[in-house]
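Please read the structure below before turning to the comments.
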Amino acid sequence: MQRKSILASIVAILALSVLGYSAWNFVKERSAQSCKACTRPVHSHMKTVAVLDGKREVYCCPACALSEHQQSGKQVQVVELTDYLSNEPVEPERGFVVRNGDVNPCLQHHPAVGENNQPLQAHFDRCSPSVLAFQDQKAAAAFAGEHGGQVVKFSAFASEFQR
Ligand SMILES: [Zn+2]
């Protein structure tokens, strides 16, 4: 009888610690998925990884990662982009971006539209205009055809931020 209750307590303790561990992991996972620069939640299809001062950091979009250089003066190197359509990682040297398109998941609210149909720019937003990454130039061009914006090689886009 005694043995049984000891066994039961051990099982209960084990179950609790597994539960606690997964809860802790969940919290850790959540906090790892907010943008280093603007603390927005990182959308998985826009995830951008950059090395800042030798540390790997996760950003919500390429623009946010690159603007870190202008904001902090530190060296930023983007080491991984995510294809907006497939969610697959993209090597920055091979990637393309569509900027100024009308899709910007970073902005949770649509910009207010003024009488002349121009969006009102209330305040500076480092994630605006939108910058989405693509693995494939054709896919990027097709996306831009539908949503507006220009297709630019990521390397060319990134060099604009290094000035
Ligand atoms: Zn951000």
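With the condition kept exactly as written, say whether any residue in the range 26-47 is open to solvent by less than 60 Å² (accessible area, probe 1.4 Å), in a loop (DSSP other than H, G, I, E, B), aliphatic (A, V, I, L, M) and under 23 Å from Val152 (Cβ atoms). Scanning the range 26-47 turns up at least one residue that is open to solvent by less than 60 Å² (accessible area, probe 1.4 Å), in a loop (DSSP other than H, G, I, E, B), aliphatic (A, V, I, L, M) and under 23 Å from Val152 (Cβ atoms).
Residue check: is Gln77 open to solvent by 30 Å² or more (accessible area, probe 1.4 Å) and assigned to a helix (DSSP H, G or I)?
The answer is no for Gln77.
Going by the structure shown, is Cys35 within 11 Å of the ligand (Cβ to nearest atom) and touching a His at 6+ places or on another chain (Cβ under 9 Å)? Judged against the criteria, Cys35 is not a match. Say we look at the range 58-102 and pick out the residues that are without any contact (Cβ under 8 Å) to a residue 40 or more places away in the chain and under 13 Å from Cys127 (Cβ atoms); which of these is nearest to the chain's Cα centre (by Cα)? For the range 58-102, the residue satisfying everything is Tyr59. Counting the residues of the range 49-61 that are within 10 Å of the ligand (Cβ to nearest atom) and outside any strand (DSSP E or B) gives 2.
The values are calculated or read from the model by the stated rules, or taken from the named source; none is laboratory data. Source: prediction; values computed, not measured. Virtual Cβ from ideal backbone geometry, glycine too; neighbours counted across all protein chains shown. Each accessible area value is taken on the protein alone, full model and side chains, heavy atoms only, with ligands, DNA and RNA left out. Shrake-Rupley method; radii C 1.70, N 1.55, O 1.52, S 1.80 Å.
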